[in-house]
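See structure below.
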Amino acid sequence: MKLTVAPWGESLAELAAAARAAESAGADAVWVSELHRSAPVQLAAIAAATSRVRLGTAIALAFVRSPLVTALEAMDLDELSGGRLVLGLGTGVQRLAEDWHNARWGKPVGHLRETVRAVRELVARSHLGDPIELDGSYEPVRMRGYRRPFLPVRTAIPVYLASVGPELTRLAGEIGDGWIAHELGSPANLRANVLPLLSEGALRGGRSRSDLEVVASACCVPLEDGRLARRWAAGVVAFYATVRTYEDFFAWHGFGGEAKAVREAFRSGDARGMVDAVPDAMVDALTLAGTPDEVRERLGGYEGVVDAVKLSPPTQLVPAEATRAAQAGILRLVASW
């Protein structure tokens, strides 16, 4: 099982330095998200600071750019990194796409399927100058008279899909080169609700399990003060508990009532109350937080379940110093794995 890292930095320079440290520690890949910074710009900075580690978006929002822009950014990043890009795409949630980005929100499975098809076609063929015509309900392409005058480093860039629910997970198994889990999760949830959809028998079109890299994700806080580690991770749990999209996920783990209490504190503007509504048992079930020995033991629960685990420090409802301390612990963990 490979360990990968989602590095953090208060500046792009600090982010690039953290990615370089992750590479030196032996991480197989580094990943960037897209909320407070642009995913492609972050990876451009990281590409210049690293030489070996794979570079991935986890995730880039699939619907807020045109497929052409996504394809051009992917090819540029693949060139900058010497062929190390993994393009991780996800839908995000409807409110984010429509209200924050003024983007179109189609039926997620169909929309994402068409987006991936268009991006792959553009990466493979835009340098040839031939017409590219794709029908579709969400992302049709009508390109004539266009030729990108630069040869791509690769005409097929790996595309990983992120999901929480079963429909998009099945789509990842059908068309993705990999699947990326949500930042909160558990081996039990993966075994019960994800792996059956990505098993040899569930995959279609002659695909085998070896065609797909399964990447678990975990908010990770290895700290000598295990109690403090759990409180830092509780901020991340509380952040996601405010989003009703994840209501079933929390309920499946037996924490539907706690998630409701977090939402009530959120509506009243009580940030401290949000974190306090997350008990340590909820943190233990959904994150990797505690003493270094506790974290290593729980991380071992993913062995034989997934191909890789993406470790990220807490970034919600905690000070920057806490994120740095957690990140330092993650790098020590990776180096000793």
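The values are calculated or read from the model by the stated rules, or taken from the named source; none is laboratory data. Just so it is clear, the model here is predicted, and its values are computed rather than measured. Neighbour counts run over all protein chains shown; Cβ positions are idealised from the backbone, glycine included. Protein only, heavy atoms only, side chains kept; ligands, DNA and RNA dropped before computing areas. Shrake-Rupley method; radii C 1.70, N 1.55, O 1.52, S 1.80 Å.
For the range 284-300, which positions are among the basic types (K, R) and free of Cβ contacts under 8 Å to residues at least 24 places away in the same chain?
Here is the first cut: in the range 284-300, the ones among the basic types (K, R) are 296, 298.
Once the filter is applied, which keeps residues that are among the basic types (K, R) and free of Cβ contacts under 8 Å to residues at least 24 places away in the same chain, the range 284-300 yields only R298.
How many of the residues in the range 133-161 are closer than 30 Å to N189 by Cα and open to solvent by less than 20 Å² (accessible area, probe 1.4 Å)?
The number of residues fulfilling the criteria is 4.
Do we find that I180 is within 22 Å of the chain's Cα centre (by Cα) and open to solvent by less than 30 Å² (accessible area, probe 1.4 Å) in this structure? Steps first, please.
Working: within 22 Å of the chain's Cα centre (by Cα): yes; open to solvent by less than 30 Å² (accessible area, probe 1.4 Å): yes.
The answer is yes for I180.
I59 passes all but one of (1) in contact (Cβ under 8 Å) with a residue 60 or more places away in the chain; (2) within 18 Å of L161 (Cα to Cα); (3) over 14 Å from the mean Cα position of the chain (by Cα); which number fails?
For I59, the exception is condition (3).
Could you check how many residues of the range 161-170 are under 16 Å from the mean Cα position of the chain (by Cα) and not small (G, A, S)?
Restricting attention to the range 161-170, the residues satisfying the condition of being under 16 Å from the mean Cα position of the chain (by Cα) are 161-165, 168-169.
Then drop every residue that is not not small (G, A, S), which leaves 161, 164, 168-169.
Count: 4.
Scan the range 267-292 for residues that are open to solvent by 60 Å² or more (accessible area, probe 1.4 Å), in a helix (DSSP H, G or I), over 14 Å from V237 (Cβ atoms) and in contact with a helix residue (DSSP H, G or I) (Cβ under 9 Å, 6 or more places away or on another chain) and jot them down.
R272
So which residues in the range 60-112 are β-branched (V, I, T), closer than 20 Å to H182 by Cβ and open to solvent by 30 Å² or more (accessible area, probe 1.4 Å), if there are any at all?
Listed by number, the residues that qualify are V64, V93, V109.
If I go through the range 309-337 residue by residue, how many of them are open to solvent by 30 Å² or more (accessible area, probe 1.4 Å), among the small types (G, A, S) and closer than 17 Å to A17 by Cβ?
3
Provide a single number: the residues in the range 1-18 that are among the hydroxyl-bearing types (S, T, Y) and within 15 Å of G56 (Cβ to Cβ). Quick ask: steps written out before the conclusion?
Let us first name the residues in the range 1-18 that are among the hydroxyl-bearing types (S, T, Y), namely 4, 11.
Filter again for within 15 Å of G56 (Cβ to Cβ), leaving 4.
Summing the residues that are among the hydroxyl-bearing types (S, T, Y) and within 15 Å of G56 (Cβ to Cβ) in the range 1-18 gives 1.
Report, by residue number, each residue of the range 1-55 that is open to solvent by less than 60 Å² (accessible area, probe 1.4 Å) and of a type in the set (D, E).
E14, E23, D28, E34
Could you grab the pairs with beta carbons closer than 7 Å, sequence gap of 6+ or different chains, first residue in the range 2-30 and acidic (D, E), second one open to solvent by 40 Å² or more (accessible area, probe 1.4 Å)?
From the range 2-30, the pairs are E23/R52; D28/K2; D28/R54.
Is there any pair with a first residue in the range 186-212 that is without any contact (Cβ under 8 Å) to a residue 60 or more places away in the chain and within 28 Å of V295 (Cβ to Cβ) and a second that is of a type in the set (D, E) and open to solvent by 50 Å² or more (accessible area, probe 1.4 Å) whose Cβ atoms are under 6 Å apart and which are 6 or more apart or on different chains, and what are they?
Close Cβ pairs satisfying both conditions: R209/E200.
Would a scan of the range 143-158 turn up a residue that is in contact (Cβ under 8 Å) with a residue 24 or more places away in the chain and within 22 Å of V93 (Cα to Cα)?
Checked against the condition, which is being in contact (Cβ under 8 Å) with a residue 24 or more places away in the chain and within 22 Å of V93 (Cα to Cα), the range 143-158 yields no hits at all.
Check A241, A192, A261 and return the single one that is at pLDDT 95 or above, surrounded by 18 or more Cβ atoms within 10 Å (Cβ to Cβ) and out of contact with any Phe, Trp or Tyr (no Cβ under 7 Å at 6 or more places or on another chain). It would help to see each step written out before you state the result.
Working: A241 fails: out of contact with any Phe, Trp or Tyr (no Cβ under 7 Å at 6 or more places or on another chain); A192 fails: surrounded by 18 or more Cβ atoms within 10 Å (Cβ to Cβ).
Residue meeting the stated conditions: A261.
Taking strands (runs of 3 or more DSSP E) that do not extend beyond the range 131-243, which have at least 3 residues that are closer than 25 Å to V69 by Cβ? Steps first, answer last, please.
On the way: elements: 132-134, 141-143, 159-162, 178-180, 213-222.
Because the criterion is at least 3 residues that are closer than 25 Å to V69 by Cβ, the strands (runs of 3 or more DSSP E) in the range 131-243 that meet it are 132-134, 141-143, 159-162, 178-180.
When the range 62-102 is examined, which residues are found to be among the aromatic types (F, W, Y) and touching a residue at least 24 places away in the same chain (Cβ under 8 Å)?
F63, the sole residue that qualifies.
Which residues, counting only those in the range 244-258, are assigned to a helix (DSSP H, G or I) and open to solvent by 40 Å² or more (accessible area, probe 1.4 Å)? Step through it out loud before you land on a result.
Pass one, the range 244-258, residues assigned to a helix (DSSP H, G or I): 244-252, 256-258.
Listed by number, the residues that qualify are R244, T245, E247, D248, A251, W252, G257, E258.
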